[in-house]
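All remarks here apply to the structure that follows.
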Amino acid sequence: MLEFLRPEDTVVVTDLTRLSRYTKDLIEITELIFQKGAHLKSLKEHGWIQPQHMEKCYLLFSLELLNLKEI
């Protein structure tokens with residue numbers, strides 16, 4: 001899916017942990033989505049995750065750590 005993303009596409013996930021089970025991979029995938037100019041929306045977190053709000057995104061990742069495996 002990631003290789004086919006275009007600017008202004010939207011990736012919708014039920015939960016950020018659906019993108020990856022590993023924290024490092026989750027951060028890399030999220031950054032790749034933003035680099036391609038696409039948007040990310042998580043239904044569990046009730047909103048859009050935007051590149052200018054990456055601090056909030058990292059906070060959400062931190063909160064999800066209990067559900068993710070370590071690297």
Worksheet item: Of everything in region 21-37 that's touching a residue at least 40 places away in the same chain (Cβ under 8 Å) and in contact with a helix residue (DSSP H, G or I) (Cβ under 8 Å, 6 or more places away or on another chain), which residue is nearest to Ile49 (Cα to Cα)?
Response: Leu26
Practice prompt. Scan region 11-29 for residues that are part of a helix (DSSP H, G or I) and among the β-branched types (Val, Ile, Thr) and jot them down.
Written response: Thr17, Thr23, Ile27, Ile29
Item to complete: Read through the list (1) farther than 17 Å from Glu3 by Cβ; (2) modelled with pLDDT of 65 or more; (3) not β-branched (Val, Ile, Thr), then give the number of the only condition that Phe34 fails.
Response: (1)
Discussion item. Quick check on Glu8: is it at pLDDT 70 or above and assigned to a helix (DSSP H, G or I)?
Written reply: no
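Got a sec? Which of Asp25, Asp9 is acidic (Asp, Glu) and in contact with a Lys or Arg (Cβ under 8 Å, 6 or more places away or on another chain)? Steps first, answer last, please.
On the way: Asp25 fails: in contact with a Lys or Arg (Cβ under 8 Å, 6 or more places away or on another chain).
It is Asp9.
The values are calculated or read from the model by the stated rules, or taken from the named source; none is laboratory data. Predicted model only: the values in this text are computed from it and were never measured. Counting neighbours? That spans all protein chains shown, and the Cβs are built from the backbone with ideal geometry, glycine included.
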